[in-house]
């Protein structure tokens, strides 16, 4: 088994998960951050992080960290940590191709005695059923004899400056008891909050996938309640505020459920459940509700426009916010785009403004040309989709002032950021 004092780490994938991990390990161990995106590698090498997860000063403190897009530069590593994306395809089925490619790449340079640790979210069993065979095939080695694997699910919350990697308890696991101890000891070197050593890799995998499934279902419940209360003419926020006076009422709020975790991970669990012969009614029902909220918001905006005698076709609509959450540039799987597309299907001209999001990424990912600046009196409807601090600072009067006819216009607040008497409707 490897000795912690004689390891060289490679972190594969330098996104929201991989970069903070590489930085923390790079403060103590020789670490190479590897990514196939040369632009990303060059950016980090210059001391900048476009995801805004790591400050330039933090990058400088990781004195033992280097970056590369060349596989040859990590050939001498003996601990590999995989943090590549695990998305779903158009049919909402797990897309494990990034995970397979990463495993094949590692296998091609794998040394005897090495440990490969996966952090990417998967269904229970994927590490040993999908990744290990790729490692064996590419390396010609035997699992748990020539090399070993571990699983430690990521718990990064993009844009959260309070809950950082070292301060979040880390679940660890390994393919043998000795490997489990090694993985746990390794993470304890950088996780000040401590670790929880799971009894098996499958348990660790399952623990991760249900964390976001639980949140998804709770949000789906309040989203369904919001739809019901909307039909009854009741403000959802006021109902939740009243119910929240009970000590054990859970403080979930309705909204658009996007991002790389909550809107994706449940599909990994439901895929595995159906493969095992069980149809997960509740989980998939929650997914249907949350996946449909963008369309619901757009249709509510259209109804309000009609009531206000705003001609929907050719109307100018402004969406404030594109990222999947506030104060964060991450646009992966954002459900704001569903609002945009649905409004466009009614013939409206939709502009999107987001001071946090890269114009290049918005264009590349969604074909959107972001509105760079806001001018008053330009729009027939404004949808406050993301509660960025910049929009909070604007306040209701300035946001309403973006409309050209205050009497015949609509202000819809998806996030409940403004008071009820300041908007035409809140989700």
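On the stretch given as region 414-427, residues that are out of contact with any helix residue (DSSP H, G or I) (no Cβ under 8 Å at 6 or more places or on another chain) and free of Cβ contacts under 8 Å to residues at least 40 places away in the same chain total 1. How about region 356-370: which of its residues are within 29 Å of residue 397 (Cβ to Cβ) and surrounded by fewer than 17 Cβ atoms within 10 Å (Cβ to Cβ)? 359, 369, listed by residue number. When we screen 255, 233 for residues that are closer than 16 Å to residue 296 by Cα and under 22 Å from the mean Cα position of the chain (by Cα), the only hit is 255.
Okay, residues lined up against (1) free of Cβ contacts under 8 Å to residues at least 24 places away in the same chain; (2) farther than 24 Å from residue 309 by Cα:
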position	(1), (2)
329	no, yes
344	yes, no
354	no, yes
373	yes, yes
376	no, no
389	no, yes
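Restricting to region 47-100, name every residue that is more than 29 Å from residue 130 (Cβ to Cβ), part of a helix (DSSP H, G or I) and either more than 24 Å from the chain's Cα centre (by Cα) or touching a residue at least 24 places away in the same chain (Cβ under 8 Å) (or both). Of everything in region 47-100, those that are more than 29 Å from residue 130 (Cβ to Cβ), part of a helix (DSSP H, G or I) and either more than 24 Å from the chain's Cα centre (by Cα) or touching a residue at least 24 places away in the same chain (Cβ under 8 Å) (or both) turn out to be 57, 58, 59, 60, 61. Of all residues in region 377-398, those being assigned to a loop (DSSP other than H, G, I, E, B) and touching a helix residue (DSSP H, G or I) at 6+ places or on another chain (Cβ under 8 Å) number 3.
Quick one: in region 117-156, of everything that is assigned to a loop (DSSP other than H, G, I, E, B) and surrounded by fewer than 16 Cβ atoms within 10 Å (Cβ to Cβ), which residue is nearest to the chain's Cα centre (by Cα)?
Only one residue fits best here, namely 125.
Would you say residue 220 is modelled with pLDDT of 95 or more, under 26 Å from the mean Cα position of the chain (by Cα), within 30 Å of residue 337 (Cβ to Cβ) and surrounded by fewer than 22 Cβ atoms within 10 Å (Cβ to Cβ)? So residue 220 does not fit the description; no. Taking every residue in region 270-285 that is farther than 21 Å from residue 215 by Cβ and pairing it with any residue that is surrounded by 16 or more Cβ atoms within 10 Å (Cβ to Cβ), at least 6 positions away or on another chain, the pairs with Cβ-Cβ distances below 9 Å are 274/280; 275/123; 279/270; 279/273.
The values are calculated or read from the model by the stated rules, or taken from the named source; none is laboratory data. What you see is a predicted model, and the numbers here were worked out from it, not measured in a lab. So basically every Cβ, Gly included, is an ideal-geometry build from the backbone, and we count neighbours across all protein chains shown.
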